[in-house]
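Enquirer: Can you read through this structure? Questions will come right after.
The values are calculated or read from the model by the stated rules, or taken from the named source; none is laboratory data. These numbers come from a predicted model, not from an experiment. With ideal geometry, Cβ positions are generated from the backbone for all residues, glycine too; neighbour counts draw on all protein chains shown. Side chains are part of the model used for accessible areas, which takes the heavy atoms of the whole protein and leaves out ligands, DNA and RNA. Shrake-Rupley method; radii C 1.70, N 1.55, O 1.52, S 1.80 Å.
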Amino acid sequence: MTIIILAAAAVTGTRWLTAGDPVAVAPPAGATETLPEGAYELVVDLRSSELHQDLRSERGPAQVNTYAMPAGTTWEQVRSAVAGRLDGWKQAGDCPDSGRRRLWCTWTEPANWWPRQVRIVFLRAPSKPDPESPWPDNTFLLIGSGPGGNV
């Protein structure tokens, strides 16, 4: 009986420690952390802040990285690349391309206790360039990872 209790405590302790760290997710090919100059910073910073808040748990803050994507990058390319790095994780919904400028998708770790989450936010340029718009002809990807918590 003592061995069973010690084994259960070891599994719980290991899971507790593992759940405390956000999972590192490599960006898709072509992504760069060097962002171009432009008047988009407020929008990207706001989305990054939202992602930090949404993925924060009682275990601690989220980790959020921002990337500039090559021109012509599609939502499906980004979504499938990140999903491929999260093998076995559960995707929340279908995450279809709705045609909007901002798209997102969330995955949850397949753990019973303190599951971690990963969410991506895809910000793309307007379909019709507007010379008066401060938004450049760039596409951005935010990858957020939160420590495990009560979901």
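Enquirer: Right, Arg47: assigned to a loop (DSSP other than H, G, I, E, B) and either under 30 Å from Lys128 (Cα atoms) or modelled with pLDDT of 90 or more (or both) or not?
Expert: No, not satisfied.
Enquirer: Sticking with this one: Within the set of pairs 6 or more residues apart or between chains, which connect a residue that is among the hydrophobic types (A, V, I, L, M, F, W, C) inside the stretch 38-49 to a residue that is assigned to a helix (DSSP H, G or I) and open to solvent by 80 Å² or more (accessible area, probe 1.4 Å) with Cβ atoms less than 8 Å apart?
Expert: none
Enquirer: Then there is this: Going by the conditions given, is Pro36 in a loop (DSSP other than H, G, I, E, B), open to solvent by less than 50 Å² (accessible area, probe 1.4 Å), within 18 Å of Arg79 (Cα to Cα) and not polar (S, T, N, Q)?
Expert: no
Enquirer: A follow-up question, please. In the stretch 76-114, which residue that is touching an Asp or Glu at 6+ places or on another chain (Cβ under 9 Å) and assigned to a loop (DSSP other than H, G, I, E, B) is least open to solvent (accessible area, probe 1.4 Å)?
Expert: Of everything passing the filter in the stretch 76-114, Leu86 is least open to solvent (accessible area, probe 1.4 Å).
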